1. Identify, by number, the condition in (1) at pLDDT 85 or above; (2) in contact with a strand residue (DSSP E or B) (Cβ under 8 Å, 6 or more places away or on another chain); (3) surrounded by 14 or more Cβ atoms within 10 Å (Cβ to Cβ) that His108 doesn't meet.
2. What do you reckon, is Asp102 surrounded by 14 or more Cβ atoms within 10 Å (Cβ to Cβ), over 21 Å from Arg32 (Cα atoms), of a type outside the set (A, V, I, L, M, F, W, C) and at pLDDT 85 or above?
3. If you scan the range 117-130, which residues turn out to be surrounded by 13 or more Cβ atoms within 10 Å (Cβ to Cβ) and at pLDDT below 85?
4. Working only within the range 34-59, note down all residues that are at pLDDT 80 or above and surrounded by 14 or more Cβ atoms within 10 Å (Cβ to Cβ).
5. For the range 1-12, how many residues meet the condition of being within 17 Å of Thr70 (Cα to Cα) and modelled with pLDDT of 95 or more?
Amino acid sequence: MIRYALVGYDGSDTSKRAFELAIGLARACSGRVRVVSVLQVTEAGADACALMMADSGAKRAQELLDELVTLQPDAAALVDVELAHGSPGDVLINQVSEHGCDHVVIGHTDRGALARWLLGSVSGDVLARSHVPVTVVR
């Protein structure tokens with residue numbers, strides 16, 4: 001039984017489908033969903049980091065929750081949202097341990113071999129490192 005599912009959410013179509021699957025699982029199991037959106041700074045440098053630190057986290061979290069409610073009207077009652085900074089794979093794996101998540105639902109976008117080699121694959125990283133079941137949505 002899934003009590004607390006983690007969803008990595010970036011606004012893509014596959015992350016929206018992952019969220020909708022997780023909400024369905026939460027309803028079926030009387031569970032909850034933790035939705036985490038990760039902002040990754042790769043090559044932007046100090047200026048981007050300063051901008052990121054000055055960003056209004058509470059406002060962005062509310063905007064994320066509002067977006068999720070447009071997808072599933074009862075989401076506010078079933079969802080915890082968090083905005084995080086860092087490497088998406090690392091953040092999601094840490095979220096599992098820190099918050100006692102027992103399942104991960106994540107979207108996968110096929111970017112091709114070159115892009116995957118250059119940028120990596122968050123879903124592949126999570127699959128390789130997670131100690132709880134992972135569902136990958138395409």
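1. For His108, the failing item is (1).
2. no
3. Result: Gly120, Ser121.
4. Arg34, Val35, Val36, Ser37, Val38, Leu39
5. 2
The values are calculated or read from the model by the stated rules, or taken from the named source; none is laboratory data. What you are looking at is a predicted structure, and each value in this text was computed from that prediction instead of being measured. For neighbour counting, all protein chains shown are included, and Cβ atoms are generated from backbone atoms with ideal geometry for every residue, glycine included.
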